[in-house]
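What follows is a single structure, written as structure tokens, with notes after it.
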Amino acid sequence: MGHERVGFLPRTKRWRSIVDTITKAATESSSSIAQIADATLLNVESRFNRIHKDRGVQAAFAYLISLATTRLPLADGLSSVDASLNENPSPVRITKDLSNWVKKNADSREYAEVACRAAADTISEWTKSQSKQHLLFDDSTSASNIWSKSSNGTAFCKVARSFFAHFTERYLKYFIEREASAVLPSLESRKQFNQNLRKHIEDISHHAFETSKITQSFAAGWFNNHARESRPTDVEIEGFLSLAFEKVREELHREVPHE
């Protein structure tokens with residue numbers, strides 16, 4: 001489980017093309033566009049190399065697991081978080097509890113912040129996708145009902161993909177802004193870049209979502225093996241994150257030209 005090889009994934013739009021679209025009105029230099037595109041991917045790759053070891057990142061993902069395994073008894077370590085849904089908390093309340101849990105366990109403030117926001121995005125996304133138009137007194141949209149739908153491998157792999165997609169998206173956006181600021185020659189060109197970035201942020205989101213698809217190839221099996229009868233240990237959570245981030249790194253790496 002988790003070690004089968006998955007073929008390269010198709011993209012509707014390559015990363016270099018996305019950067020070209022965003023920067024084309026800010027610079028006419030193809031070398032500048034290439035520099036921004038490649039440096040962004042290399043910086044994200046570097047972040048993902050050891051990020052699975054960060055306790056804040058582990059805590060954020062552990063909280064998502066806890067939402068899917070509320071029926072299971074609490075365990076030691078990061079699986080000791082009690083994401084109680086009995087009082088039907090709102091997504092805002094759940095996100096606040098997530099934030100408190102991540103802060104309590106954080107190593108790096110930067111990593112914890114990105115992981116917490118990615119998990120919050122996932123909570124919002126899953127809640128919206130599972131909520132339905134309902135009749136009066138129908139409890140189908142209660143927090144407990146919504147998250148019970150994520151309590152099997154087939155469903156949880158979608159939660160996991162959402163987390164890695166939002167995590168990757170945030171770093172792609174952060175580094176493309178940083179690299180553009182360093183490369184673009186003038187205040188006017190940077191202003192134009194920022195305007196284009198806002199217009200095409202959906203392209204970055206879609207790219208991150210497509211990249212994260214590779215994590216689904218093993219997330220379902222991992223969940224069924226490690227989170228069906230008992231909550232996963234810290235070692236098991238770190239192991240999953242290590243493999244997931246490595247697969248995302250491989251997907252990003254193949255888009256950087258290599259001589």
Matching residues in segment 1-52 - criterion: being surrounded by fewer than 14 Cβ atoms within 10 Å (Cβ to Cβ), among the basic types (Lys, Arg) and modelled with pLDDT of 90 or more: 50
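Looking for something under 18 Å from the mean Cα position of the chain (by Cα) and part of a helix (DSSP H, G or I) - is there at least one such residue anywhere in segment 73-86? Explain how you work it out, then say what you get.
Pass one, segment 73-86, residues under 18 Å from the mean Cα position of the chain (by Cα): none.
The answer is no; no qualifying residue exists.
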Segment 158-191, subset of a type in the set (A, V, I, L, M, F, W, C), over 30 Å from residue 130 (Cα atoms) and at pLDDT 90 or above, residue nearest to the chain's Cα centre (by Cα): 175
Long-range neighbours under 6 Å by Cβ, at least six apart or interchain, first residue under 25 Å from residue 101 (Cβ atoms) within segment 43-56, second assigned to a loop (DSSP other than H, G, I, E, B) and of a type in the set (S, T, N, Q): 54/108
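Count, please, the residues in segment 179-234 that happen to be hydroxyl-bearing (Ser, Thr, Tyr), surrounded by 14 or more Cβ atoms within 10 Å (Cβ to Cβ) and farther than 30 Å from residue 66 by Cβ. If you could, list the steps in order and put the result at the bottom.
So the first thing to find is which residues in segment 179-234 are hydroxyl-bearing (Ser, Thr, Tyr), and the list is 181, 186, 189, 205, 211-212, 215, 217, 230, 233.
Pick out the ones that are also surrounded by 14 or more Cβ atoms within 10 Å (Cβ to Cβ) and you get 189, 205, 211-212, 215, 217, 233.
Of the ones still in play, those that are also farther than 30 Å from residue 66 by Cβ are 189.
Residues in segment 179-234 being hydroxyl-bearing (Ser, Thr, Tyr), surrounded by 14 or more Cβ atoms within 10 Å (Cβ to Cβ) and farther than 30 Å from residue 66 by Cβ: 1 in total.
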Qualifying residue in segment 209-221 (condition: within 17 Å of residue 40 (Cα to Cα), over 14 Å from the mean Cα position of the chain (by Cα), part of a helix (DSSP H, G or I) and modelled with pLDDT under 95): no
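More than 17 Å from residue 23 (Cα to Cα), assigned to a helix (DSSP H, G or I) and not β-branched (Val, Ile, Thr), is that true of residue 115? If you could, list the steps in order and put the result at the bottom.
Details: more than 17 Å from residue 23 (Cα to Cα): yes; assigned to a helix (DSSP H, G or I): yes; not β-branched (Val, Ile, Thr): yes.
In short, yes.
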Residue match in segment 87-98 (condition: surrounded by 14 or more Cβ atoms within 10 Å (Cβ to Cβ), under 23 Å from residue 233 (Cβ atoms) and in contact with a Phe, Trp or Tyr (Cβ under 6 Å, 6 or more places away or on another chain)): yes
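The values are calculated or read from the model by the stated rules, or taken from the named source; none is laboratory data. Since the structure is predicted, the reported quantities are computational estimates derived from the model, not experimental observations. In this analysis, Cβ positions are derived from the backbone assuming ideal geometry, glycine residues included, and neighbour counts consider all displayed protein chains.
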